Amino acid sequence: MHGKNYRTIKGMAYTSKKFAPGAPNPKVARFTTGKSRPDYDLKFKLVSEGRVQIRHNALEAARVAANKKVALLGEENYFLVVKPYPHVILRENKMIATAGADRLQEGMRKAFGKPIGLAARVEIGDTILELSLKSENAEKGKEAMKAASTKLPMKTHAETLALEKKTVA
């Protein structure tokens with residue numbers, strides 16, 4: 001089983017765990033990391049340039065890679081959010097590909113498949129990761145987005161937004 005086999009979006013999303021006994025839980029450990037504060041100056045967004053399915057282990061790998069770069073700043077100095085949630089259940093019709101296994105296989109008879117993982121469907125322009133931090137740490141934010149983009153199955157680009165200060169009147 002390869003991740004590239006599940007990258008393209010084909011057909012209806014199979015999402016109901018009610019009809020898929022044994023569907024796994026998402027591997028994404030945390031969807032938010034760090035501390036949410038109103039005084040961050042910059043927001044980095046990792047934006048998809050392709051219409052794909054991202055497997056849950058790729059999302060977790062991207063989160064870990066980004067978190068590793070910014071964790072050096074301390075938990076209080078950044079806020080990282082994983083935006084897509086892996087709902088789509090991936091199935092595989094397992095086949096035995098060794099000599100003499102022809103008597104054990106059913107081929108395409110009852111080929112619905114067993115649940116093997118989860119994926120999130122992402123459209124062009126969707127945000128995958130959001131990272132908020134102060135402007136003096138902008139270089140770390142760029143590094144984090146670059147590290148996270150290498151873990152994902154499509155081309156991405158990072159957008160930087162300057163956040164306005166909220167004044168209490």
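Within the stretch 146-161, count every residue that is β-branched (Val, Ile, Thr) and in contact with a strand residue (DSSP E or B) (Cβ under 6 Å, 6 or more places away or on another chain).
Within the stretch 146-161, residues that are β-branched (Val, Ile, Thr) and in contact with a strand residue (DSSP E or B) (Cβ under 6 Å, 6 or more places away or on another chain) number 2.
Between 50, 34, which is touching a residue at least 24 places away in the same chain (Cβ under 8 Å) and in contact with an Asp or Glu (Cβ under 7 Å, 6 or more places away or on another chain)?
That would be 34, the only listed residue that is touching a residue at least 24 places away in the same chain (Cβ under 8 Å) and in contact with an Asp or Glu (Cβ under 7 Å, 6 or more places away or on another chain).
Would you confirm, using the coordinates I've provided, whether residue 20 is more than 26 Å from residue 155 (Cα to Cα), loosely packed, with under 11 Cβ neighbours inside 10 Å and not β-branched (Val, Ile, Thr)?
Here the answer is no, as residue 20 does not meet what is asked.
Would you point out which residue out of 89, 54, 96 is more than 24 Å from residue 161 (Cβ to Cβ) and surrounded by 16 or more Cβ atoms within 10 Å (Cβ to Cβ)?
After applying the criteria, what remains is 89.
Tell me which residues, restricted to the stretch 1-15, are without any contact (Cβ under 8 Å) to a residue 60 or more places away in the chain and among the hydroxyl-bearing types (Ser, Thr, Tyr).
8
Which ones in the stretch 106-122 are of a type in the set (Gly, Ala, Ser) and within 16 Å of residue 153 (Cβ to Cβ)? I'd like the intermediate steps shown before the answer.
Step one: of the stretch 106-122, the residues of a type in the set (Gly, Ala, Ser) are 107, 111, 113, 117, 119-120.
Scanning the stretch 106-122 gives 117, 119, 120.
Restricting the stretch 28-44 to residues that are assigned to a loop (DSSP other than H, G, I, E, B) and among the aromatic types (Phe, Trp, Tyr), which is surrounded by the most Cβ atoms within 10 Å (Cβ to Cβ)?
Checked the stretch 28-44; the qualifying residue surrounded by the most Cβ atoms within 10 Å (Cβ to Cβ) is 40.
Which residue out of 118, 152, 131, 161 is in contact with a Gly (Cβ under 6 Å, 6 or more places away or on another chain) and either touching a residue at least 12 places away in the same chain (Cβ under 8 Å) or assigned to a loop (DSSP other than H, G, I, E, B) (or both)? First the steps, then the outcome.
Numbers: 118 fails: in contact with a Gly (Cβ under 6 Å, 6 or more places away or on another chain); 152 fails: in contact with a Gly (Cβ under 6 Å, 6 or more places away or on another chain); 161 fails: in contact with a Gly (Cβ under 6 Å, 6 or more places away or on another chain).
Result: 131 is the single residue among 118, 152, 131, 161 that is in contact with a Gly (Cβ under 6 Å, 6 or more places away or on another chain) and either touching a residue at least 12 places away in the same chain (Cβ under 8 Å) or assigned to a loop (DSSP other than H, G, I, E, B) (or both).
Given the conditions (1) closer than 16 Å to residue 120 by Cβ; (2) of a type in the set (Gly, Ala, Ser); (3) at pLDDT 90 or above, and given that residue 34 satisfies all but one, which numbered condition is not satisfied?
Here residue 34 meets the rest and fails (1).
I'm trying to understand the selection: among the residues of the stretch 45-100, which are part of a helix (DSSP H, G or I) and small (Gly, Ala, Ser)?
58, 61, 62, 65, 66, 71
The values are calculated or read from the model by the stated rules, or taken from the named source; none is laboratory data. Remember, it's a predicted structure, so these values are computed and weren't measured experimentally. Positions of Cβ are generated from backbone atoms using ideal geometry, with glycine treated the same way; all protein chains shown enter the neighbour counts.
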